[in-house]
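Nothing in this text is a laboratory measurement; each read-out follows from the coordinates by a stated rule. Remember, it's a predicted structure, so these values are computed and weren't measured experimentally.
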Amino acid sequence: MEITRIDESKWVDNYSDKLMRFAYNRVRDRETALDLVQDTFLSALKSVDSFKGEISEKNWLFLILRNKIIDYYRKKARNMVTNIDFSENDEDNHFDENGVWRKATTPQDWGKDAHQSLENKEFQLILQKCISKLKEIQRIVFTLKYVNDEETESICKELEINSNNYWVIIHRAKLNLRKCIELNWFS
């Protein structure tokens with residue numbers, strides 16, 4: 001098998017825009033995305049001699065970037081997760097002592113057109129704004145799970161949290177997103 005020769009001089013022209021979009025869609029901060037893409041190119045340059053050509057050059061760069069994004073979230077989450085309060089304020093007041101929705105907090109029926117909303121660009125903007133309003137740890141876990149399609153076990157391992165912490169975080173993120181979407185889209 002012949003090893004594909006990489007031309008590092010064309011990386012920026014060929015891949016920077018695509019890598020930037022990929023990173024921005026996951027971190028939602030232009031400066032952070034730019035830093036991650038630059039770190040990707042630097043890491044790739046340092047390890048270019050180990051590239052065996054088993055995957056395409058483009059996929060190799062995206063794989064490096066994906067790992068950089070995971071490292072970014074891991075570092076951010078490490079300091080936030082240590083003190084999760086399981087009895088946190090009003091987010092848990094959605095249910096009564098029997099675990100049944102309280103009348104005032106029962107989710108609205110989004111109706112049969114809810115699926116069409118998911119494909120609506122205006123809805124996507126509202127969704128992104130609602131995600132950005134989540135507490136940072138909720139945003140990180142939600143993004144890893146539902147944007148990056150990470151497995152729960154992998155998220156727990158990457159962020160060094162246990163499954164109980166994960167489920168509390170994701171539950172609260174979903175409640176907060178639903179409330180935000182109902183207020184900003186369905187009202």
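For the residue pairs 121/157; 58/174; 10/68; 10/157; 52/157, the C-alpha atoms sit more than 25 angstrom apart in 121/157; 58/174; 10/157; 52/157.
Computed with the Debye formula from one identical point scatterer per Cα of segment 8-81, without solvent, the log10 of I(q)/I(0) at q = 0.12, 0.17, 0.20 Å⁻¹ comes to -0.32, -0.62, -0.82.
On full extension, the segment bounded by residue 38 and residue 55 gains 4.0 nm, given 0.36 nm per residue less the C-alpha separation.
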